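Participant: Handing you a structure now.
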Amino acid sequence: MHIQKPQSIRCVFDAILPDSALTFSAVLIATLIGLAAPAALAQTATTWDAPVTIVNSSEVNTEGTLVLAKQATIDQIPDYPGRADQTVNNVMFRGFRNTQNGVTFQLTGETAYHPDLFAFTTNKTLDGDDADAYAMMLDGAWTAGAGPMTIELTGLTSGQQYLIQIWVADFRQVPNDRTVTITTSGGTDVNAPTLDYLAGDGRNNGTGTGQCVIGRFTAKGTSVTFHVKGNEAAQYNALQLRAISPEPSR
């Protein structure tokens, strides 16, 4: 006996179900197709606070647990002299160590490094218990053209909530009104921040400015990338990453 192969799953249901049940079969088929369809890739959503003008060392956030803290000034590489690691508000910012607590920092797109030449803190007085260390932590930067530079963090724990804090500062007298905008690559941003910096009076070092900003996100995988794009020059002075919720169960 020859049995003809049905042309579709619907054919099978049509053959064995009465007309009154065809509506049910259509719903069931649609459900099965929906379950079989590939799910869209989850995207990281970052919610940003308003940027804060750099004034006091207490601006260094201490919420949750420190994962990684980086400063652009480095003193471990002969070709790139700079400041030693600085501790500000009980947070140690490291220059050369790009992997901390299993998370790795990588910066790409940078075109120039400005080391310990007092280029960014000359004659600038900051406040707070760790004011001097704060100034030295900010005394240097990686820069690019208008950008973007990218900051990639790998080794994250999926499902973990994180806080990232980024600093951009240039306290020289140069009067250019510079800005950088920070966005999450491949994700979404709530209140994507634009940070103001430089904007000196044209005469006196120390009249420039800088800002820092805090963003919070839940990792949707093991990595996240941020774009830093400038109106004249993209710049990064320092950042820290903190875990701010219990680590998800494995």
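Participant: Loop only per DSSP, at most 11 neighbouring Cβ atoms within 10 Å: give me the chymotrypsin sites (Phe, Trp or Tyr not before Pro) in region 178-250, ordered by residue number.
Facilitator: Passing sites in region 178-250 do not exist.
Participant: Around THR225, under 14 Å between beta carbons, what's the net of Lys plus Arg minus Asp minus Glu among the other residues?
Facilitator: Residues close to THR225 contribute a combined charge of 0.
Every number in this text was worked out from the coordinates using simple rules, so none of it is lab data. No experiment lies behind these values; they were computed from the predicted model shown. Note that each Cβ is placed from the backbone with ideal geometry, even for glycine, and that neighbours are counted across all protein chains shown.
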